[in-house]
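Below: the structure, in structure tokens.
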Amino acid sequence: MISLLENPDIWLISGIVLMIIEVFFGSLVIFLPVGMASLIVGLIYKFQNNFELNIIENWAYALVLWGIISIIISYLIQRYFKNNQDGNKDINSY
């Protein structure tokens, strides 16, 4: 199980699958940020393997990084859509 968490291909595939699920359900809160974070962690692992760097030391750091990136992306998405909705004033908005 630990070897799966250190495999960059698994991170990239899971990111793509989560983003495809986002296309069908369209929540913008769960699947998109988590999928984008999975893609970022997978790309960091690929970069790390190709250039022999040590950015992510083990699977625990990968999970923590994945969670932090997911929260940041979720916050940015919420903030972006909240700012765009303020310009459309509706008479029914209280």
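Looking at the range 21-36, which of its residues are crowded, with 16+ Cβ neighbours inside 10 Å and farther than 11 Å from Q78 by Cα? Don't jump to the end; show me each part of the working.
First, the residues of the range 21-36 that are crowded, with 16+ Cβ neighbours inside 10 Å: 21-22, 31-36.
Of everything in the range 21-36, those that are crowded, with 16+ Cβ neighbours inside 10 Å and farther than 11 Å from Q78 by Cα turn out to be I21, E22, F31, L32, V34, G35, M36.
Among the residues of the range 52-67, which ones are assigned to a helix (DSSP H, G or I) and over 9 Å from the mean Cα position of the chain (by Cα)?
First pass over the range 52-67, keeping only residues assigned to a helix (DSSP H, G or I): 59-67.
Across the range 52-67, the qualifying residues are W59, A60, Y61, A62, L63, V64, L65.
If you take the residues of the range 2-51 that are at negative phi and not in a helix (DSSP H, G or I), which of them is modelled with the highest pLDDT?
Kept after step one, since they are at negative phi, are these residues of the range 2-51: 2-25, 27, 29-51.
Imposing the further condition that a residue be not in a helix (DSSP H, G or I) reduces the set to 6-7, 27, 29-30.
Values: E6: 88, N7: 91, S27: 75, V29: 78, I30: 86.
Here the answer is N7.
The values are calculated or read from the model by the stated rules, or taken from the named source; none is laboratory data. What you are looking at is a predicted structure, and each value in this text was computed from that prediction instead of being measured. All Cβ positions, even for glycine, are placed from backbone atoms using ideal geometry, and neighbour counts span all protein chains on display.
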